[in-house]
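Values quoted throughout were computed directly from the atomic coordinates according to the rules given, and no laboratory measurement underlies them. Keep in mind the model is a prediction, meaning the values are calculated, not measured. Here the Cβ positions follow ideal geometry from the backbone for every residue, glycine too, while neighbour counts run over all protein chains shown.
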Amino acid sequence: MKLSAPLLAGVLVTLAVPAFAQSLGELAQREKERRKTTPPAAKTYTNSDLKQVPPPSGTPGKPADEPAKAGDAKKPEPEKVEASKTPEPAKDESYWRGRIMAAREDVRRNEAFKEALQTRINALTADFSARDDPYQRAKVADDRQKALAEMARVSADIEKTTKQIAEIEDEARRAGVPPGWLR
């Protein structure tokens, strides 16, 4: 009985495999038929269809840092200067609302990052005191110093953006913008 079960399983497997297997020729024939029935691609893109990229601004061999000679610079024509200036956006409700919301979102994002940094600093401080190996302690101390430096940078960004919000509100007040536009 012990021999009959594996023998029976082997016979079933050998009979089942040829029933489901496909020959390579059959598979190629099916693929050929499928390609005939599917429509071709609407457009095939080539390199000539792509937009040409202008050459780099600096010429090879002449560094960009090199000061221009007095006779090299051409003065732009007045009409080209006026055309190159971008028009100022209309200072309507969407302008003021978008400007203040972007600044507030920046402050919110930086404050969330500052909280995450504080959590990391706390964890590194606890990890530092739990380590005995001087090499590991030095590595943790280095990571903690980097996190503290990043925390100082984020705090400065928050302060700068908070001042920017106050400036936006003051500018809007001077421009006669209704207070509801800044909410």
Additional length obtainable on full extension of the chain from residue 31 to residue 101, 0.36 nm per residue less Cα span: 19.6 nm
Distance (nanometres) between label positions extended 7 Å along Cα→Cβ at residue 171 and residue 143: 4.2 nm
In order through the range 117-124: 3J(HN,Hα) via Karplus (6.51 cos²θ - 1.76 cosθ + 1.60), integer Hz, x for Gly, Pro: 5, 5, 4, 5, 4, 4, 5, 5
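Quick one: if you take sqrt(5λ) for each eigenvalue of the C-alpha gyration tensor of the range 93-175, what semi-axes come out, biggest first, whole angstrom?
The answer is 40, 10, 7 Å, longest axis first.
Count the lysine pairs in the range 90-183 whose Cα atoms lie under 23 Å apart, taking only pairs 8 or more positions apart in sequence or on different chains. Mind dumping the intermediate values first?
Details: 91/163; 114/139; 114/146; 114/160; 114/163; 146/160.
So the count works out to 6.
Arrange 154, 107 by Cβ neighbour counts within 10 Å, fewest through most, would you?
On the way: 154 20, 107 17.
In order of increasing Cβ crowding within 10 Å: 107, 154.
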